[in-house]
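The values are calculated or read from the model by the stated rules, or taken from the named source; none is laboratory data. Note that the structure is predicted; figures quoted are calculated from it, not measured. Here the Cβ is made from the backbone with ideal geometry for all residues, glycine too, and neighbour counts use every protein chain on show. All accessible areas refer to the heavy atoms of the entire protein, side chains included, with ligands and DNA or RNA removed. Shrake-Rupley method; radii C 1.70, N 1.55, O 1.52, S 1.80 Å.
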Amino acid sequence: MTQSANASPFPWVFGPGTTWSKDAGARQSALDFGRLHIEGMRALEKLGARHGGGLAGILVGVIEAYLAEGLITAADRTRLIDLFEAFRDPDAAKATSRINAIHRAAVADPDASPAALAVSSVAASAREPVTFNSWSNGFITGYADAAGSLIGTAGGPLGVASTGVGASMLADQILSG
């Protein structure tokens, strides 16, 4: 099987498809992804339970873990928690204003980490229309965008992009149908 270096829908990542190993252990590694996925979901569930449960608890738990690992700063932690709380505000105009203010504060902070800036940047851009998706569910898909980006941050820049895009598309399609 040949693979084009241009097969990726994310050309700015410079062909991630070419990083798939083709050695003898690659097939088993690929088959192990299902087990690893379930283990990851169970780990997120446990992490979330320690921080109030549900998606909100998972997000706070992930933020706390990133702070403990030095991936984000204490100021990033505060802004990210505030960012996810803003998405739950029932007043869309107020929520948008708050999200944008949080992002501006992150941009103005020279010590803001790239990981936190990526998540707040995705959150601030979540209301931008795109032609292939209805975005009819507004902040729900924006919340999924930002949450996916936060969780994907552990995988580096490609993790932020791919997880955020996948989460928002899935949320929008489920809620639109």
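A few notes on this one:
- Candidate set from the range 125-159 (those that are among the aliphatic types (A, V, I, L, M) and open to solvent by 30 Å² or more (accessible area, probe 1.4 Å)); member that is modelled with the lowest pLDDT: Val130
- Counting only residues that are open to solvent by 60 Å² or more (accessible area, probe 1.4 Å) and modelled with pLDDT under 90, the range 47-64 holds 1 of them.
- When the residues of the range 65-81 are filtered to those that are in a helix (DSSP H, G or I) and open to solvent by less than 50 Å² (accessible area, probe 1.4 Å), the one that is nearest to Gly48 (Cα to Cα) is Ala65.
- Taking the criterion of being within 20 Å of the chain's Cα centre (by Cα) and part of a loop (DSSP other than H, G, I, E, B), the only residue of the range 25-51 that qualifies is His51.
- Candidate set: the range 103-117, residues that are free of Cβ contacts under 8 Å to residues at least 40 places away in the same chain and crowded, with 20+ Cβ neighbours inside 10 Å; chosen: the one nearest to Glu69 (Cα to Cα): Ala106
- Number of the exception - Ile99 against (1) at pLDDT 70 or above; (2) over 15 Å from the mean Cα position of the chain (by Cα); (3) open to solvent by 70 Å² or more (accessible area, probe 1.4 Å): (3)
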